[in-house]
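Participant: I'd like to ask you about the structure that follows.
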Amino acid sequence: MPPRNRRRRLSTPPPSEARRPPAPTLSSDILLEIVARSDAVTLFRFAATCKPLRRDILNPAFIRRVCHEPGAIVPPRVLGFLDHHIHNEGGEEPRPPVTFSLAHPATPAAASFSEKHLAPLLARTGAAQLDGIVVPPASRSGLVFVVRGIDESSRRYSMAVYDPLAGKLTDFLSAPDINHDYSDRATSTYTYVLLTAADGIDSSFLIVAAEFPRRSRSVKVQTLSADAASGGGEWSAAASVSHCRSRGSTLHKDTAVVVGGVIHWLMEETDPEALRILAYDVRAATAASIELPTGGLTIRFSRDIDLAASPDGRLSLLVADKLVISVWVLSSGRTGTRGWERRAVIDAEASVRSVMPEVSHSSFKGMVKLARSWAKSGAVLLQRPVTNMFYLISKSDEEGLVLVDLETKEMRKVTMKRNALPYEVDLESRLSAMKIY
């Protein structure tokens, strides 16, 4: 046996390596310059490496640089379409992967994020999460609110909020005290609104269910927070909020715009045939009314009206009168009073004709519909012209849309699959909301 006191021989580095100085440490300024010249995904990964670098990356000045200055690597918002293949003719065959097509902005940073991160991520995780959707959903700040079907045991709608970037799905049932009978629209109408952390709420999302009784001036509201939804779906008690809307008024569109935690709906008045904005403050649980420009816009066949949010977080109004698009912004004066300011007037006729030459001159009636308003991201989608009140839909499985860049006033044609879901990711808000440890 070898002697017990024999020492283990340790390897020693060669003399040349022993004399080599340690590698120099890069300063925080150099690291930030490397980050600012990378891409969006690399930036988020850098922010997870260490506390000092994360603190520097989350500095508001640095966020403005990487999101808005020339050569920005993080697109503030990415708009596109999720194609979830709702019609699976294969029966028992697995559903095809979810695909993502970029609509706006047409920048290298947005294309890189979409192709290298968003599209592969959705292809891996999205098919199972988006299975069974039967009603078109709403998307806000990277979250998707969907209606999945009817729960047979309770006879209530099965709903969910899906976060594609995190791969998380939260299931819950519809509000129990809201009248969901669409065949009874003569009595009331209802809608659901998705709020996110970017709206100043205290959870990752909040669902607001609102019912508008035709014979009442009040609005019935129920809410469901993310924590309550994850814990079994306990909705708040129904509350009726008084409002000065006229009796018989109804929703103009089943969409809403959220600005600063306040929900805005366009309401159709009965006498006269004009529109008014109903504003509901979620935190204060109060309702108010906002008049439209020039004393309220009338409803007529040649005009389409939609609400939006401006890039600086103010309520906007988009009016498409035939092929002339007006952009209005609600602003506050020095005395505190609010008024509408017309920001832009865009004559879209020549551009729409050029990007849609397949539409015949006889069919082209000089009118488009506002398919989706993404004014906060600087984009608006226009549907095809209408003939005899019917949309001219292409015979393929894709629908042609015109995207209007509100900043440059340029237009280009984009295509959307028939079953695609409009999807928006607010990368700037997600970056700003990251915690500093």
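FYI, it's all coordinate maths here, none of it is from the lab. For clarity, every value in this text was computed on a predicted model and none was experimentally measured. Here the Cβ positions follow ideal geometry from the backbone for every residue, glycine too, while neighbour counts run over all protein chains shown.
Participant: Just list whichever of Lys253/Lys417; Lys168/Lys409; Lys253/Lys435; Lys413/Lys435; Lys116/Lys168; Lys220/Lys417 have alpha carbons separated by over 27 Å in the model shown.
Facilitator: Beyond 27 Å: Lys168/Lys409; Lys253/Lys435; Lys413/Lys435; Lys220/Lys417.
Participant: Per residue of the range 320-325, in order, report the coupling 6.51 cos²θ - 1.76 cosθ + 1.60 (Karplus, θ = phi - 60°) as ³J(HN,Hα) in whole Hz, putting x for Gly and Pro.
Facilitator: So the J values, rounded to whole Hz, are 9, 9, 6, 10, 10, 9.
Participant: Using the C-alpha atoms of the range 179-244, what convex hull volume per residue, in cubic angstrom, is computed?
Facilitator: Output value, Cα hull per residue: 94 Å³.
Participant: With Rg and the Kirkwood Rh both taken from Cα atoms, where does Rg over Rh land for the range 33-84?
Facilitator: 1.05
Participant: Same structure, new question: Calculated FRET efficiency, Arg217 and Glu341, Cβ-Cβ r, R0 30 Å, to nearest 0.05?
Facilitator: Efficiency, rounded to the nearest 0.05: 0.50.
Participant: Provide the gained length on full extension for the span Leu58 to Lys168, in nm with one decimal, where the gain is 0.36 nm per separating residue minus the Cα-Cα distance.
Facilitator: 37.2 nm
Participant: So, one more: Scan around Ala379 for amide H atoms under 5 Å from its own, H built in the peptide plane at 1.01 Å from N, and keep only partners 5 or more places away or cross-chain.
Facilitator: Trp374, Leu406
Participant: While we're looking at this one, here's another question. Give me the Kirkwood hydrodynamic radius of the range 157-287, using the inverse of the mean 1/r over all pairs of distinct Cα atoms, in Å to one decimal.
Facilitator: Kirkwood radius, the range 157-287: 15.3 Å.
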